[in-house]
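> Would you mind keeping the following structure in view while I ask a few things?
We did not get these values from a lab; they are worked out from the coordinates using the rules stated. On a predicted model such as this, the values are computed, not experimentally measured, just so you know. Note that each Cβ is placed from the backbone with ideal geometry, even for glycine, and that neighbours are counted across all protein chains shown.
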Amino acid sequence: MAVTASSMMPLGTQAPDFNLLDTITGESLSLAQLRGKKGTLVVFMCNHCPYVLHLQSELIALAEQYALYGINTLGISANDIGNYPADAPDKMQTLMAKWGNPFAAYLYDETQTVAKAYSAACTPDFYLFDEDLSCVYRGRLDGATPKNKVPVTGEDLRAAVDALLANQPIDSEQAASMGCNIKWK
């Protein structure tokens, strides 16, 4: 497992559009269809990553809580399923059922073009966009990793989402997410 840091998309970047398979519904969905009224959280993730699994409870809680306030959470997996079959769309659907389907969608980026457009580098990699789809936060959920004893709180990402919802400035000093590298073809 190679620990990789997120690339940190420049703040203010417009969310790259996409049309991807939603593994929960089987439909092809666009960003325009999935965006939240107040904001959109895009999480590059995958089924087997220990960094993602370590944050599971907080990811679920965060997605469910902020959905009530108009923030849609979208999971996207771009891993090469030829070499990582645990990340295949049918397994993605199974994982979301196990998690209680907390996201607006769990999308499969088969061509990896969406991950590249977002400059995604690791799983998990978090991108928060405002109601105009401008990037206001990119980085980590919090300081917790599977190998340290830092509690999983979601404090970094939650502070950004709370500021967005309160129409307050979001601190531009943001720490990179760390996780498994995206499994490129």
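> Percent antiparallel among DSSP beta bridges with both residues in the stretch 1-84, to the nearest 5?
Counting DSSP beta bridges with both partners in the stretch 1-84, the antiparallel share is about 35 percent.
> Among DSSP beta bridges lying fully in the stretch 15-162, give the percent that are antiparallel, nearest 5. Intermediate results must be reported in sequence, preceding the final value.
Working: 15 of 25 bridges.
About 60 percent, rounded to the nearest 5.
> Now for a different question. Determine the distance separating the Cα centre of the stretch 1-52 from the Cα centre of the stretch 130-151; give it in Å without decimals.
The distance from the Cα centre of the stretch 1-52 to that of the stretch 130-151 comes to 13 Å.
> Can you list which of the trypsin sites (Lys or Arg not before Pro) found in the stretch 114-177 are DSSP loop residues with at most 14 other C-beta atoms within 10 Å?
Counting only loop positions with at most 14 other Cβ atoms within 10 Å, the trypsin sites (Lys or Arg not before Pro) in the stretch 114-177 are Lys147, Lys149.
> Given that compact globular proteins tend to follow 2.2 N^0.38 Å, what is the ratio of the alpha-carbon Rg of the chain to that value? Working shown, then result.
Numbers: Rg = 14.7 Å, N = 185, 2.2 N^0.38 = 16.0 Å.
Relative to the rule-of-thumb radius for its length, the chain sits at 0.92.
> Taking the C-alpha atoms of the stretch 116-185, how large are the radius of gyration and the largest Cα-Cα span, Dmax, in Å?
13.0, 41
> For the chain, what relative contact order do you get, as a whole percent, if you take Cα pairs closer than 8 Å and at least 6 residues apart?
Numbers: 390 pairs, mean separation 61.7, N = 185.
The normalised contact order for the chain reaches 33 percent.
> Note down the net charge around Glu58, summing +1 for each Lys or Arg and -1 for each Asp or Glu among other residues with Cβ under 13 Å from its Cβ.
On the way: positive: Arg140, Arg158; negative: Glu64, Asp142, Glu155, Asp156.
Overall, the nearby charge balance is -2.
> Mind checking which lysines have their Cα closer than 17 Å to the Cα of Lys183? Skip sequence neighbours fewer than 8 apart in that chain.
Lys91, Lys116
> Moving on. For every helix of n ≥ 4 consecutive DSSP H residues, a contribution of -39,500 (n - 2.57) applies; sum these over the chain, divide by its total residues, and give [θ] at 222 nm rounded to the nearest 500 deg cm²/dmol. Intermediate values should be presented prior to the final figure.
Details: 6 runs with 48 residues, N = 185.
Result for the chain, helices only: -7000 deg cm²/dmol.
> Give me the Kirkwood hydrodynamic radius of the stretch 52-131 in Å, from all C-alpha pairs, to one decimal place? Present the calculation step by step, with values, prior to reporting the outcome.
Values: mean 1/r = 0.0744 Å⁻¹.
Result for the stretch 52-131 stands at 13.4 Å.
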